[in-house]
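Visitor: My structure is below; once you've seen it, I'll send some questions.
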Amino acid sequence: MTTITLTTDWIKDDFYAGALKGKLLNLCEDVNIVDITHQIKPFNLSQAAFIMRNTYSHFPENTIHIIGVQSVPLKNQDFLLVEKENQYFIGADNGIFGLLFNSKPDRIIKLNASLDYPTFPALSVFAETAAALVAGKTLDTLGTESSEISKRVPLRPTIDESVIIGRIVYIDSFSNAITNITKELFYRVADGRKFQIYVQSNAHKISDISKSYNAKPEGELLALFNSLNLLEIAMNGGNAADILALSTDSTVRVRF
């Protein structure tokens, strides 16, 4: 059974998801359709890339991922089928694939789709491409090989000898604020030195790394490295991002 995942910027109960699932079930035999999320903020490619980047590797080989985020491309953009690590990704060439992967995809196919782009390409182009893959069609029959994808530069921390300035890139279900500061970068720059982590301003600072969310008393701010090995700002029993008015792009500064 082939798995097809859906990641979109549609609201939860809109008809788009239902229509797409119905179309896929009509076109494909014996498929497992998995909703990764339909809660991406409209047109937010960075949020979609973060969720997909930290999700797709947990799916089995030959999974097909439909990315319906900003899916109506600009006039000079194409629809793409991308192969990476024995998985397939279908979406618009709007920069999402450049944000999603740290290295070049294994194959890039410009899909045979009309230049008169439909208003609901996930229902037509994406669903039909997924069905063709499920039916065993080869990538060569679905479009033209390409070597390029549209690229967007992911937000990276700035570093000097004694300071890392990072940004919050994602806020999870518990209002924990995940930064773009990796564990490896943090300890490489630290080089054994003590540190202070300043969240948003000098008014909120943390001077140690916790091992778990309950390592501090309830209601106290803490920092830890999460399962993605990214520095995360949290609060035991509280909603850190809400209480501190944090959002994506809020600043987190580490001074050694």
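The values are calculated or read from the model by the stated rules, or taken from the named source; none is laboratory data. If you're wondering where the values come from, they're calculated on a predicted model, not measured in any experiment. So basically every Cβ, Gly included, is an ideal-geometry build from the backbone, and we count neighbours across all protein chains shown. Quick note on the areas: whole protein, heavy atoms, side chains included, nothing else; ligands and nucleic acids left out. Shrake-Rupley method; radii C 1.70, N 1.55, O 1.52, S 1.80 Å.
Visitor: Among rounded, prolate and oblate, which fits the stretch 164-236 when a ≥ b ≥ c are the square roots of the eigenvalues of its C-alpha gyration tensor, a/c under 1.5 means rounded, and a/b larger than b/c means prolate?
Guide: The shape class here is rounded.
Visitor: For the stretch 2-24 and the stretch 147-194, what is the separation of their Cα centres, given in Å?
Guide: The stretch 2-24 and the stretch 147-194 have Cα centres spaced 32 Å from each other.
Visitor: May I pose another question? Contact order normalised by length for the stretch 14-93, with contacts defined as Cα pairs under 8 Å and 6 or more residues apart; what percent is it?
Guide: 23
Visitor: So, one more: Using Cα-Cα distances under 8 Å and only pairs 6 or more residues apart, what relative contact order does the chain have, in percent?
Guide: Computed value for the chain: 15 percent relative contact order.
Visitor: Moving on to the next point. Hey, got a sec? Which trypsin sites (Lys or Arg not before Pro) in the stretch 70-142 land in a DSSP loop and have at most 16 other Cβ atoms within 10 Å?
Guide: Lys75, Lys137
Visitor: Roughly how big is the stretch 69-146's charge dipole about its Cα centre, with Cβ charges of +1 (Lys, Arg) and -1 (Asp, Glu), in debye to the nearest 20?
Guide: Roughly 80 debye, rounded to the nearest 20.
Visitor: Checking the table Lys12/Lys137; Lys21/Lys137; Lys41/Lys84; Lys21/Lys110; Lys23/Lys84; Lys151/Lys194 against a 30 Å threshold on Cα-Cα, which pairs fail?
Guide: In this structure, Lys12/Lys137; Lys151/Lys194 lie more than 30 Å apart at Cα.
Visitor: May I ask you to give the solvent-accessible area per residue for the stretch 19-70, in square angstrom, as obtained with a 1.4 angstrom probe?
Guide: 49
Visitor: Roughly what % antiparallel, to the nearest 5, for the DSSP beta bridges in the stretch 129-256?
Guide: 95
Visitor: Same structure, new question: Express the carbon and sulfur contribution to the solvent-accessible surface of the stretch 102-232 as a percent, rounded to the nearest whole number, probe 1.4 angstrom.
Guide: Taking all protein chains in place, the stretch 102-232 shows 49 percent carbon and sulfur surface.
Visitor: I would also like to ask the following. Using a 1.4 Å probe over the heavy atoms of the protein chains, calculate the carbon and sulfur portion of the accessible area of the stretch 1-60 as a whole percent.
Guide: 51
Visitor: Work out the charge dipole of the chain with +1 on the Cβ of Lys and Arg and -1 on the Cβ of Asp and Glu about the Cα centre, then indicate which of Val153, Pro217, Ile178 is farthest towards its positive end.
Guide: Pro217
Visitor: Can you give the net charge of the other residues whose Cβ lies under 14 Å from the Cβ of Thr37, counting K and R as +1 and D and E as -1?
Guide: -2
Visitor: With the other protein chains left in place, how much accessible area per residue, in square angstrom, belongs to the stretch 138-256 at a 1.4 angstrom probe?
Guide: So the stretch 138-256 comes to 57 Å² accessible per residue, rounded to a whole number.
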